[in-house]
Amino acid sequence: MGVSMGGMIAQEYALAYPGDLRSATYGCTYAAPGPFCSRMFAMWADMAPVLGVPFVMRDVTLWAFTLPFFEGRPGDLEEFETAMRYMDQPVHAYLGQLAVIQNHDTTDRLDQIRVPSLVLAGEEGHPHPRRTFAANP
């Protein structure tokens, strides 16, 4: 199972080593970033060297959680924001991670995934359209 960037890694693994897997689960991920995510990641890459990774993670919080989460789960929100405030990931490592997810594209190879796959996404998605991920059942 892979979630977000882990889902991208799981796609690549399923494509490269299908005999190792009985099934695969992909959560909150994509086959390619599309224009919305590409612009967002480019903005984060510009912000991180100037303002630091913890500052960028404040924006990730706004992007990753729904309004009901903000309204109904203040304790969980505070816990997440505190963890992000103390994130000590070096900027160069964060920029490397962003480069990988900006360039990830399995769109033309999805039909080659031969293991049973489950794709998970939240009921209340982000309001901006993204390129969706679909795998062979």
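Throughout, read-outs are computed from the coordinates displayed, never taken from laboratory work. Worth saying up front: this structure is predicted, and the values here are computed from it rather than measured. Heads up, the Cβs are rebuilt from the backbone with ideal geometry, glycines too, and the neighbour counts pull from every protein chain shown.
Note on Leu118 and Met1: their simple-model spin labels are 0.7 nm apart, each label 7 Å out from Cα toward Cβ. When the chain is treated as a GNM with alpha-carbon contacts under 10 Å, the residue of Ser38, Ser117, Ser23 showing the greatest mean-square fluctuation is Ser23. Size of the range 49-117 from its Cα atoms: along the principal axes, largest to smallest, the extents are 42, 33, 16 Å. Database remark: amide H of Ser117 closer than 5 angstrom to the amide H of Ala24 (H placed geometrically; neighbours at sequence offset of 5 or more, or on other chains; Pro and chain starts carry no H).
Global dimensions of the range 1-44 from alpha-carbon coordinates: Rg and Dmax equal 12.3, 39 Å. The Leu21 and Asn103 beta-carbon pair, evaluated with R₀ = 22 Å, returns a calculated FRET efficiency of approximately 0.40. Dipole check for the chain: with +1 at the C-beta of Lys and Arg, -1 at the C-beta of Asp and Glu, and the Cα centre as origin, the magnitude is about 320 Debye.
Can you give the calculated 222 nm mean residue ellipticity of the chain, where each DSSP H run of n ≥ 4 adds -39,500 (n - 2.57) and the sum is split over every residue, rounded to the nearest 500 deg cm²/dmol?
Numbers: 6 runs with 73 residues, N = 137.
The helix-only estimate for the chain comes to -16500 deg cm²/dmol at 222 nm.
Both radii come from the Cα set of the range 1-103: Rg as radius of gyration, Rh as Kirkwood radius; their ratio Rg/Rh reads 1.02. Inter-label distance, Thr61 to Ile9: 2.5 nm, where each label sits 7 Å from its Cα along the C-beta direction. As a proxy for reagent exposure, ranking Tyr17, Tyr26, Tyr86, Tyr94 by other Cβ atoms within 10 Å from fewest up yields Tyr86, Tyr17, Tyr94, Tyr26.
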